């Protein structure tokens, strides 16, 4: 039940906000931390329970579709869970102070809580549907948070881009999930993974691609990475939490989960490693050219995500281990750096790199924390980042295949990181000639708590990495399904990895020293590489799409009534002819048995009259001709024994004609509106309709499956219906419900005509 | 149009049409006729009046508004379904009784006849209402 | 006779279709009336077309030449319903002309394309 | 009896509301009570149907298949229930949003008459009777769509009326041919006769006319033009009512009628319907994306979402049909709700047009919440009802190995999201000084217009979270629909 609680408390907690108004909430803002503390407590309890094995809770949702809600805590979930909630705690603390100056304090935290709940849901979910539900929820929360400053067009566009991309990925994932569920007969992740060997390989490749798309969009992998820099429009706590430490890791979580199943595919290896490498280089390289602090961090995040994906792709035990460690490293330093950016932003009023500076003098604490975090980012000792990088190099070095090449590329990418770290340190903290701004230069303790804590953690683990060994070993066993022992050490001795580390740092330093010379070259490369700005292209695509739909709509829903009708008729004709040809045409035989001279004459006159209606330009002639046809039909009814019908037809026809005449008095003459060509075309269509109907009727006469039901009426009309006029008995007794409906139609028509003619809205036309 | 002829003729015409309509309605169960045809003939009488004089005059002659004929007619049709529900437990089932009248002899009365009467009244209301609306708004007279 | 009737129905349908494809609303209404005649005849065709047959019983319940009474009842219902619809259409037509002053269907595009 | 009450009571209510039309207060309250009564009645019917499978009435006590037989199975029962619920909500919503002019001009009478037609269509098993109910329904809808007689309404109505009459005429012609061929009007009897006959496939040429008739009604691809041309013109409660009821009757009829015909030419129907479904989905959603008027966006989406229902039907598996029915129910609730919210937006800002709207997220946060639920529901986001709909449709397609249509369905749902987000972006997020000013003077939302919106939002969520009992019911319903012998036997010798 603890699983439900840990998600539920976050989801329900915002309801309490109704009790407070915004000011009160700001005053008692430490209340906001409560649910996260509860969750960390839950995590602690699980820590002890996990020693004996995973914890599972099953809830029935839609058993008929095999959908069962399962929550499952294993070491791997636990790892993510703690990451989310510990970072969450600090971010909430930070945000409670940071957001004080914003409107919509309550709203912000509501979204953030729901997001945290969803994020916990993803990692605790034990079945794919539940996972997907929470997955989509994080997309929505991310959308709402990126667009938090929704009055600005930039925020709106960024949030739209983010949502569309992640939602598209979500749909791919959904398809994959349902497909997998269908193949495995269950959505339980354990069962799906266990069945992997029995699965049919062909469809598995499509499923694999779909999952990859889902994960890549969420984790901002090339070519979907471009939404992430845009997402920096969100308030800084959001960037720290969603777009670096947690949500973007959801895709990675998914890849980890599917490793045992998909890892056996050769595609897995290539697609993931290559995408990872591209993303890694792309991110770190693009970061070189940014001047906004948050943008820099965003691109380095992309790079880090690429690194992790690449490591998962390599799929050796070492590489998975490296990925796991690197995940922690990155979460710690990136959250810390983002929060510091926010602090600096508050103090200096800007995030532009060039305009900040000289922080060392005014805010030494910030500087120390920042420097340590940046060291971690650069992968330098004594921070945990160093360990992360070492393990990573080691993994690649030991891995087969193209991993060596990747090793080289990682060194370059990491050198960029070193370079960026140095650049940031220098530009931010050393004096650069700018005047210290007049903003309040004090940083609030609530906002510094997070960075400080994370830095300390990273420092401690950096010094004593072996304390993490067992833990990562446990996780690794769970992911790969085999028991694994791993070792984390600070000092590996003089080996290749050490040399590589050294080379990285040197390269970074060199870049820094020769910055002025190299920048020009890099800029050239950058501009040539990125002639296409994906963000803008995406906006353009949307614009083009809207334009296209507009053209297309005007083509389809053009408003010309007769073309609508024409399409309906053409569709019908095509359909009828096709069916007629498929089932064979019927050659009519002329049966003279029932033909009398009268009917022939009547019919011929009617045919002539029809011609008159179609061609005449006089309204009176048309109406009279119409009446004549009606009377002709009445005559036909009469000759074949339908006297009631004939009378009704005549009266109804007369009434219709009278109304016609009354109405036409007020209307203009027929004008010849259409051209000869269109008349010919319409005539052709009309004739075709007529012909198909005729053939259809003749064909219908060919089939006569059974005796009609009406013998019964003949037999029972007098005895049970007490009437000799069978038609009337049918109307008022056998099928009286029809008649009831019929008079209802009439009644509605009458009242409707009354309202139509007498009721006109007083207010001006709306819409 | 020369109205004088119509204005002279509408009253006797109306009486004739009412009688004809009753005749057609009553024999409808056994020979051509019935509620719908009867009602159309009946309304013809009042439509003539409306055309000859004006719609208000015709409305007055109808005693109640044509709309109410519609309501009443529909209600009668609904009511006719109730006996069947009570006696046979299936609504709209025909229930018949025979009444002996001094002059006419045995007359069979049943819910289908009530239903047909409902149709008659309703259609009468419908046709007159429709025609009056058209005549009034399009200013025939 | 079926053949003649079928041709008649076909012609009525064709004429109705042609009128529906005109631009005038009056012609549109006439087209609908014609097609509804045609559908009534299709139903009538189903009654088997017995010449001089009747749908009446004698007093004792016997009959001479019976046509299928059911389609007749259906057509009767359909005629009446058709009458109601046509009357409403004409009212609509009238009101439409009164408000917009046009009879031309091609003019009424504003509720479609944006 | 209860089944027939579903037809007779709305008629009675229509008459009573017509008589009461001058006493507005009494009129409104009585209409409310009537609507509640119908909901309760249909609740009981659902309960009965789950016990006895079929409720059958031989109207007039005539022997099957000679008289008119009314039969309610699970599909009918659930449709009856949802339609009366929608009517209830719309009546509550109309309480304050419709002016007294409308009430005086028989607004409620026509609503009940419409419901009578809809209920009739859902209960009858007789084809000609179905035609009659269709006419009751469209006649009432004609009057409703023109109620108020604005220029737009009349313009839209010309198209609406013409194409709907045309659809009925096709339908009627189909009945004529079918009767000539088979001599029966009852659907169960027809099914029985067809299975016994050698010539069953020949019936297919007649089925065309039915398909076109029902197709126009349900607004499938090349036949849907009347819907976007007219749905946005009448007063909002009427649009909402239409969106909930009308096209769904067409889909219902297709389900019922094709379940008889389908098996006699399986290959053709599957390919044909899948094509139609795909085109309907795609065209509808693309046209919706181009619009800037909320009601038009929603109207075009009706077309698109009909495609999903046809898709479920085309698969013709128990799961596929259950998915189609679920989708239909979901769509009725969510779409009506979305329209009602659009009405609230208009009430507050005076416009439906996205370009004139803006910043409602700040100024009317509750409205944003109310909109978000049906919008996310329609876009198929979890855990709302649309998600289960989408999920079951995809699952059914995978099960039948129809991967192309599955892909189309998935992509279309992406564009649906796009349209919803567009409304959100433009209406709720965009900065717009004018709306901010114009909104200040607007009256507060009345309780009666918020209540149905909130309620339907809850239903949308509940249909997602508690889908199990509903889906179980629907799966039984679809098995029942496919079981022609069961249908025949139930009608022939009812309990």
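Quick check: from the Cα gyration tensor, does the stretch D:330-388 come out rounded (a/c under 1.5), prolate or oblate?
It comes out prolate by the Cα gyration axes.
Rounded to the nearest 500, what is the 222 nm mean residue ellipticity of chain B from helices alone, with -39500 (n - 2.57) per DSSP H run of 4+ residues and division by all residues?
Result for chain B, helices only: -22500 deg cm²/dmol.
Helix D:2-19 versus the longest principal axis of chain D: what is the Cα-based angle in degrees, 0 to 90, to the nearest 10?
Helix D:2-19 sits at roughly 40 degrees to that axis.
Once you average over the residues of B:68-76, how many Cβ atoms of partner chains fall within 10 Å of each Cβ?
5
Starting with the highest mean, order A:204-214, A:378-388 by the number of other Cβ atoms within 10 Å, averaged over the residues of each peptide.
Top of the packing list down: A:378-388, A:204-214.
Take the Cα coordinates of the stretch A:711-759, assign each an equal point scatterer, and use the Debye formula without solvent to give log10 I(q)/I(0) at q = 0.22, 0.26, 0.33 Å⁻¹.
Values, matching the q order: -0.71, -0.85, -1.07.
What is the helix-to-structure angle for D:107-123, meaning the angle in degrees between its Cα long axis and the longest Cα principal axis of chain D, kept from 0 to 90 and rounded to the nearest 10?
Between the helix axis and the principal axis of chain D, the angle is about 30 degrees.
Helix-derived [θ] at 222 nm for chain D: sum -39500 (n - 2.57) over DSSP H runs of at least 4, divide by residue count, nearest 500?
About -26500 deg cm²/dmol.
Averaged over B:117-130, how many beta carbons belonging to a partner chain fall within 10 Å of each residue's beta carbon?
For this peptide, the per-residue mean of nearby foreign Cβ atoms is 6.
Based solely on its DSSP helices, what 222 nm [θ] is calculated for chain A when runs of n ≥ 4 H residues each add -39,500 (n - 2.57) and the sum is averaged over all residues, nearest 500 deg cm²/dmol?
Result for chain A, helices only: -24000 deg cm²/dmol.
How fast does the stretch D:88-223 diffuse by Stokes-Einstein, in µm²/s, taking the Kirkwood radius from C-alpha pairs at 4 °C and 1.567 mPa s?
For these conditions, the coefficient is 78 µm²/s.
Within 10 Å of each Cβ in peptide D:405-418, how many partner chain Cβ atoms are there on average? Round it to a whole number, please.
The per-residue average across the peptide is 3.
Would you calculate the separation in nanometres between label points at residue D:44 and residue A:368, each defined as 7 Å from the Cα along the Cα-to-beta-carbon direction?
Those two pseudo-labels are separated by 8.0 nm.
What is the gain in length, in nm to one decimal, between residue D:411 and residue D:479 on full extension, counting 0.36 nm per residue of separation less the C-alpha to C-alpha distance?
Extra length from residue D:411 to residue D:479 when fully extended: 21.6 nm.
Relative to the longest principal Cα axis of chain C, at what angle does helix C:25-45 sit, 0 to 90 degrees, rounded to 10?
That helix lies at roughly 20 degrees to the long axis.
Given the peptides A:635-643, C:42-50, D:467-475, arrange them by the average over their residues of other C-beta atoms within 10 Å, most packed first.
Highest mean packing first, the order is C:42-50, A:635-643, D:467-475.
Please report the spacing between the Cα centers of the stretch A:88-156 and the stretch D:450-490 in Å, no decimals.
Between the Cα centres of the stretch A:88-156 and the stretch D:450-490 lies a distance of 33 Å.
Given a Förster distance of 60 Å, report the FRET efficiency between residue B:16 and residue D:37 from their Cβ-Cβ distance, rounded to the nearest 0.05.
Calculated value: 0.80.
Using the beta-carbon distance between residue D:266 and residue B:87 and R0 = 56 Å, what value does 1/(1 + (r/R0)^6) give for FRET efficiency, to the nearest 0.05?
After rounding, the FRET efficiency stands at 0.75.
Going by Cα centres, the stretch D:290-342 and the stretch A:43-75 are how many Å apart?
Taking the Cα centre of each part, the stretch D:290-342 and the stretch A:43-75 sit 35 Å apart.
Taking the Cα centre of each part, how many Å lie between the stretch D:207-234 and the stretch D:343-383?
Cα centres, the stretch D:207-234 to the stretch D:343-383: 28 Å.
What nm value, rounded to one decimal, do you get for the distance between residue A:618 and residue A:427 when each label is placed 7 Å out toward the C-beta?
Result: 9.0 nm between the two label points.
Just from the alpha-carbon atoms, what are the Rg and Dmax of chain A in angstroms?
According to the Cα coordinates of chain A, Rg and Dmax are 38.2, 117 Å.
For residue A:760 and residue A:582, what is the calculated FRET efficiency with R₀ set at 51 Å and r taken between the beta-carbons, to the nearest 0.05?
0.45
Just order B:57-64, A:693-700 by mean Cβ neighbour count inside 10 Å, highest at the front, would you?
Answer by packing, highest mean first, reads A:693-700, B:57-64.
Could you check the spin-label model distance between residue A:536 and residue A:203? Points 7 Å from the Cα along Cα→Cβ, value in nm.
Each label point lies 7 Å from its Cα, and together they span 4.5 nm.
Bear in mind that the values in this text are calculations on the coordinates, not laboratory data. Remember, it's a predicted structure, so these values are computed and weren't measured experimentally. All Cβ positions, glycine included, derive from the backbone under ideal geometry; neighbour counts span all protein chains shown.
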